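This report refers to the structure that appears directly beneath it.
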C-alpha cells in the first residue's frame, strides 16, 4: 500500500508540474508578444517582424512543416499587401505551419487551428482603439497574445499526439484591419502556386477551422463557442467536452463575428470560435499581461485539446451547414446607445443580461449603472438575453429618458437613463 501511495503522489506531482510548465510557457509567450518592445504588433512594423520571428522560431523548434519552398523563416510566411492607396499600402504576412496527418485517408483533410497575432500598434484616430486620443503602445495581451499562446501549446500537444487528419497551425496578420489575413489566405488557396508545399491543393481540402481570439480573461469558468451549428455534430461535441472539462460553455449556432473564423464561414467551411469575451481593457493601452487569468487559459487549453482531438478523429468529413446570424437584430440601425458591453457569452446564471463593461461618460454610466449589474428590464419590458436586449434598443428614441431595472448583488435598482443618439 505504501508503494502505491508513493507512486500516486509522484504521478500527481508530475501532473501538477506539467500544468505549471504549460502555464509558465503561455505566460512567457504573452509577456513577449505584449511587451513594450514590440510596440503593439502593428502590421509591417518592427514589432510585427519581431513577433513573426518569435512565432516562427517556436514552430521550427517543433519541426512543423513550412508552406513555401525556401529557407528558414520565409518558408512559413504567406506575404500579402493591403491598403486602398499607395500611401496606406502595407505588406505583412500570415504565419503558417503544417502537421501532416498519420491516417492514409484522412491526412488529405486539413483542420486549421488559428489565432491572429497583430494588434493596434500605438493606437490613435481610426485605429480601432477605444482611447483614440491616446497615443501609447496597445500591447494586446488578451487581444490576441492569449490566443497565440494557446495555439502554440496546441501545436506542442498535437506534435506529440499525432492526429489522423492534417492540422494547419496559422497565425493571421492584419486581423484588426478587417480580417485581411484570413481572407488573403483563402484567396491564395483558390489559385495554384508552384511555391506552395504541404498544404491542400485547394481550399476544398480544408474541412474545418478552429479560431481562438481573446481567451485570456475567463470569468465564472465561462467560455463562448460559436459556430456550433455550422456542422451537424459540432454542438453535441462542444457540450460533451464542456461537461468533461467542467466549463460553463455557451454555444452559438452561427460562426459570424469580428474574428477570422468569419472568413472561413463565408467560404463554406465549418468553424468553431472560442473566446472568453470582452472587458474594460479591450483595445486600450491597459490590455497588459498581468491582467490575464492564466489558470483560465489553462482551462481553455484543456478544452481546446479535447475538442480538436474529437474533431480530427471524426470518422466522416464534417458537413457544412449554412447558418444565418443567430442575432436577428445584428444589422439593425439603432438610434440610441446605452454605452455598455453586454455578456455575449451568457456566463451569468442570473435571469437577465449582465453588463460586463459600462463605459464611463455614456448614458448607462451617467445614470448610475455599473459593470456587473444584470439588466432585467428596459423601458418596462423584460430583457432575458442578447436578442431581447437588441430588440429593446431598436424600439428606443434619442432624447428620451427611460427606466432600466437591474439586479446588483441581491438588490433590485431602477435607473433613469437619458438616451443619446447612437454614433
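Any residue at all in segment 47-60 that is assigned by TED's automatic domain parsing to the domain that holds residue 181, more than 23 Å from residue 189 (Cβ to Cβ) and outside any helix (DSSP H, G or I)?
There is no residue in segment 47-60 that is assigned by TED's automatic domain parsing to the domain that holds residue 181, more than 23 Å from residue 189 (Cβ to Cβ) and outside any helix (DSSP H, G or I).
If I ask for residues that are touching a helix residue (DSSP H, G or I) at 6+ places or on another chain (Cβ under 8 Å) and either assigned to a helix (DSSP H, G or I) or over 12 Å from residue 77 (Cα atoms) (or both), which ones from segment 170-184 would you list?
Pass one, segment 170-184, residues touching a helix residue (DSSP H, G or I) at 6+ places or on another chain (Cβ under 8 Å): 170-175, 179, 182-183.
174, 175, 179, 182, 183, listed by residue number.
Could you check residue 48 against (1) crowded, with 24+ Cβ neighbours inside 10 Å; (2) closer than 29 Å to residue 311 by Cα; (3) touching a strand residue (DSSP E or B) at 6+ places or on another chain (Cβ under 9 Å) and say which number it fails?
(2)
Cβ contacts < 7 Å: first residue within 25 Å of residue 273 (Cα to Cα) and assigned by TED's automatic domain parsing to the domain that holds residue 226, restricted to segment 191-211; second residue at pLDDT below 95 and assigned to a loop (DSSP other than H, G, I, E, B), any location; separation 6+ or different chain. Result?
Filtered contacts from segment 191-211: 202/190; 203/190; 203/267; 211/259.
Scanning for something farther than 17 Å from residue 208 by Cβ and touching a helix residue (DSSP H, G or I) at 6+ places or on another chain (Cβ under 6 Å), does segment 107-121 turn up at least one residue?
yes
Just to be sure, is residue 259 part of a loop (DSSP other than H, G, I, E, B), within 16 Å of residue 319 (Cα to Cα) and out of contact with any helix residue (DSSP H, G or I) (no Cβ under 8 Å at 6 or more places or on another chain)?
Values: part of a loop (DSSP other than H, G, I, E, B): yes; within 16 Å of residue 319 (Cα to Cα): no; out of contact with any helix residue (DSSP H, G or I) (no Cβ under 8 Å at 6 or more places or on another chain): yes.
So residue 259 fails the test.
Being surrounded by fewer than 18 Cβ atoms within 10 Å (Cβ to Cβ) and at pLDDT 95 or above: is that true of residue 244 here?
On the way: surrounded by fewer than 18 Cβ atoms within 10 Å (Cβ to Cβ): yes; at pLDDT 95 or above: yes.
When the stated conditions are applied, residue 244 passes them.
Among the residues of segment 375-394, is any surrounded by fewer than 16 Cβ atoms within 10 Å (Cβ to Cβ), on the phi > 0 side of the Ramachandran plot and modelled with pLDDT under 90?
no
Conditions first: (1) surrounded by fewer than 13 Cβ atoms within 10 Å (Cβ to Cβ); (2) in contact with a helix residue (DSSP H, G or I) (Cβ under 9 Å, 6 or more places away or on another chain); (3) at pLDDT below 95. Residue 416 passes all but one, so which condition is the exception?
Failing condition for residue 416: (3).
Can you name every one of the strands (runs of 3 or more DSSP E) wholly within segment 65-156 that holds 3 or more residues which are crowded, with 24+ Cβ neighbours inside 10 Å?
On the way: elements: 77-82, 90-99, 110-116.
Passing ranges, in order: 90-99, 110-116.
So the check is Cβ under 8 Å with 6+ separation or different chains; which pairs have a first residue in segment 239-262 that's on the phi > 0 side of the Ramachandran plot and a second one that's surrounded by fewer than 20 Cβ atoms within 10 Å (Cβ to Cβ) and assigned to a loop (DSSP other than H, G, I, E, B)?
246/221
Can you tell me which of 187, 239 is over 19 Å from the mean Cα position of the chain (by Cα) and in a helix (DSSP H, G or I)? Explain how you work it out, then say what you get.
Numbers: 239 fails: over 19 Å from the mean Cα position of the chain (by Cα).
After applying the criteria, what remains is 187.
The values are calculated or read from the model by the stated rules, or taken from the named source; none is laboratory data. This structure is a prediction, so every number in the text was calculated from the model and none was measured. Here Cβ is always computed from backbone atoms with ideal geometry, including for glycine, and neighbour counts include all displayed protein chains.
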